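Here the structure comes first, spelled out in structure tokens, and everything after it is commentary.
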Amino acid sequence: MRPVLLVGIRLARFDLRRYLIGALLWMPVSVIPLGGGLLLQRLFDVISGHRVAGLEQALWLCAAFVGVEVVRGVVLVVAWSYGVYWWDAAATLLRANVLRSILTARGPAATRLPHSPGESVARFRDDVSDVVELTDESVGLAGATLFGVAALVIMASIDPVITLVLVVPMIAIGVLSRSMREVIRRLHVRARVLGAAVTAYIGEVFGGVLAIKTAGAEEAALERLRAHNRRRRDAAVKDRLATDLLDAATGATVEISVGLVLLLAASGMRRGGFTVGDLALFTSYVSWLTALPRTIGGILYRLPQAAVATERLGRLMASHEDARDLSRNTGVWFHREPSPVSASPPDRGDALEVLEARGLTVRFGGSGRGLHGVDLRMRRGSFTVVTGAVGSGKTTLLRALLGLVPVDAGTISWNGALVDDPGTFLVPDRVAYASQVPRLLSASLRENLLLGWPADHLDRALKLAALDEDLAGMPEGLETVVGPRGVRLSGGQVQRATAARALVRAPDLLVVDDLSSALDVETETLLWSRIADAARDGTGPGTLLVVSHRRAVLERADQVVVLDRGRVAGQGPFGELLRSCPEMRGCYDASLARTSGEGFESVERCRGRGVAPGEQGQAYGGAGDAALGCEDRLDDNGVGLGEQGRGEDGETVAEETCLVDRAVAPGVDEGGEGCGL
């Protein structure tokens, strides 16, 4: 419980002025009923004849009671209107700190993110609310405590025995709340997890509508959503039932307390020691007194919920960060703009001369897949290509080098200086990365390319990425809205937009992961020709690190690194590797077969490996590919048609995933290479 209490205290202190003013405004809301009870006591004593008074005094007492309640209502509205500023500021602070950690903290963010964006959204929405509401309850607790102490003093001065008896149900509620805390925590965890699963799945359905429709999987997708919702509903009902039972038990103390007052007050009223006004005061205070155990009960069941929320938010933070970083005061602005952030790239002063990786090792669980002791050295002005069979670790090498996945062993140095955290050091404008899977936002093309970066090199980047002619054909030019994930652009335009986004940052080192897979031969040749020419004349990135198996790229390389099952199988000039490295020859022959539509294996070889002969995929560029090629890498991975494939980073891709997520037959991907091999 210590982290959640620390976060709660720091949230109260980060905007202490608003918190205290809001608390002071809420205090009268809880304390004003003390005056209302005293007025009721006086009024009923007058009406019942215990005090001598005329009709005029009784009317004044009624008017005073109404006035007290009106004042309380006005104060309630003012307190709520002001308090919402602190509440929203506290929630914003938590969300901003988590987002800052994901984007800028040391260490790879991929290890911290949930399996889907929907899960992250659920944490930002629901878990933040749980933490802030716990802190907000402290104001209600202070007001209820102040009223309770004052009311008990007044009641004890009238009849200490009845007052003592009224405390017993409240103590029982406190004990019940504490005993149910663990049950509520466990039910809340399950409800939150299953609720996030529904949010995540809905996001995946919207993102994969086309794949679902082309696979004819609409009913299956809806049935899975119903199953998620059934589990979420059951968990949510149990969670709500537990908290409502506690609320019901707390509320029942009002009725029990009123009954006890009536029973115990009867004898006192017969003796004349307990007036009708005293009864009215006790009855009035009893209903307000239950706010104290109710508030305490609310805090006791909110405490485990907030502890769960803090732990879930903490998992999004970097490993070296804790609850202090989660609740750190980084500033929230309501009525003025924050200090402007410079859009100009920082002056690094350490242009790339040599980038070197030694012994890079990445392990994915206990499967043995990943990287094993990979060495890589690149000098300024060099063109390095990493190639190899599917699943050999090419993408993993790039991600490890850039700090996007955790490295189990090895070092990375920039100009001979050790890089402690590549994820925060190898960033623009030192390094720019065009990933294998393009990521575009539903915004204008200009916004997607710049993402807040200066537009100084935008025109040059568009030309180098061979996107200038496509842009000229768009009526709205750079203001064209590309839609979610760039759906309004062709596959080739999306990939070239990704390249332009990297190039506009004018990096020392351009890292490209299989950029040209959706390009036709002419466009691919033009793109690499422009980038290579720009590198030579100094108008583009001087150093290139590229993952590719394309002939147009391999023949331009100064050095080629061949990977085989996570290890370097060969390294050197392309021509030399063709003569000396069997893996290089196998990859190059397969590449030629893919681009020419030839290279089908004999029926006997295919059948010997469990592959139906004659099957053919369709490449992005339109050339027919062999379904699996029946190369030795099929045996190495142990995957055949109808079995599960191995993803580039070691993840398992099931046959169903091939059907739904890629909308192709199992075993054949869009490039005709076997789904997930």
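The values are calculated or read from the model by the stated rules, or taken from the named source; none is laboratory data. Not measured: the values here are computed from a predicted model. Every residue, glycine among them, receives a Cβ derived from its backbone with ideal geometry; neighbour counts consider all protein chains shown. For the accessible areas, the whole protein counts, side chains as well, though only heavy atoms, and no ligand, DNA or RNA atoms are used. Shrake-Rupley method; radii C 1.70, N 1.55, O 1.52, S 1.80 Å.
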Pull up all non-local amide H partners of Gln436: gap of 5 or more, or a different chain, and H-to-H distance under 5 Å with H placed in the peptide plane. Asp513
What residues qualify as long-range amide H neighbours of Thr543, i.e. H under 5 Å apart, gap of 5 or more or another chain, H built at 1.01 Å from N? Gly381, Leu510
Sorted by average packing, counted as other Cβ atoms within 10 angstrom per residue and highest first, what order do 117-124, 495-502, 71-78 take? 495-502, 117-124, 71-78
Sequence order, the range 467-474: Karplus ³J(HN,Hα) from phi using 6.51 cos²θ - 1.76 cosθ + 1.60, θ = phi - 60°, Hz rounded, Gly and Pro as x, gives 10, 5, 5, 4, 5, 5, x, 8
Counted charge near Leu241, where neighbours are those whose Cβ lies closer than 15 Å (Asp, Glu -1; Lys, Arg +1): +3
Roughly speaking, what is the centre-to-centre gap between the range 136-189 and the range 277-303 when only Cα atoms are used, to the nearest Å? 6
What are the ³J(HN,Hα) values, in whole Hz, obtained from phi via the Karplus relation 6.51 cos²θ - 1.76 cosθ + 1.60 with θ = phi - 60°, for each residue of the range 111-119 in sequence order, with x given for Gly and Pro? 6, 9, 6, x, 5, 8, x, x, 5
For Val362, which sequence-distant residues (separation of 5 or more, or a different chain) have an amide H within less than 5 Å of its own amide H, given hydrogens modelled in the peptide plane? Leu371, His372, Gly373, Asp408
With θ taken as phi - 60° and the coefficients 6.51, -1.76 and 1.60, list the Karplus ³J(HN,Hα) couplings across the range 147-158 in order, rounded to whole Hz; mark glycine and proline as x. 5, x, 5, 5, 5, 5, 5, 5, 5, 5, 5, 8
Ranked by how many other beta carbons lie within 10 Å on average, peptides 458-471, 217-230 from highest: 458-471, 217-230
Just order 89-97, 531-539 by mean Cβ neighbour count inside 10 Å, highest at the front, would you? 89-97, 531-539
Can you pull the accessible area of Val161 for me, 1.4 Å probe, Å² to the nearest 10? 90
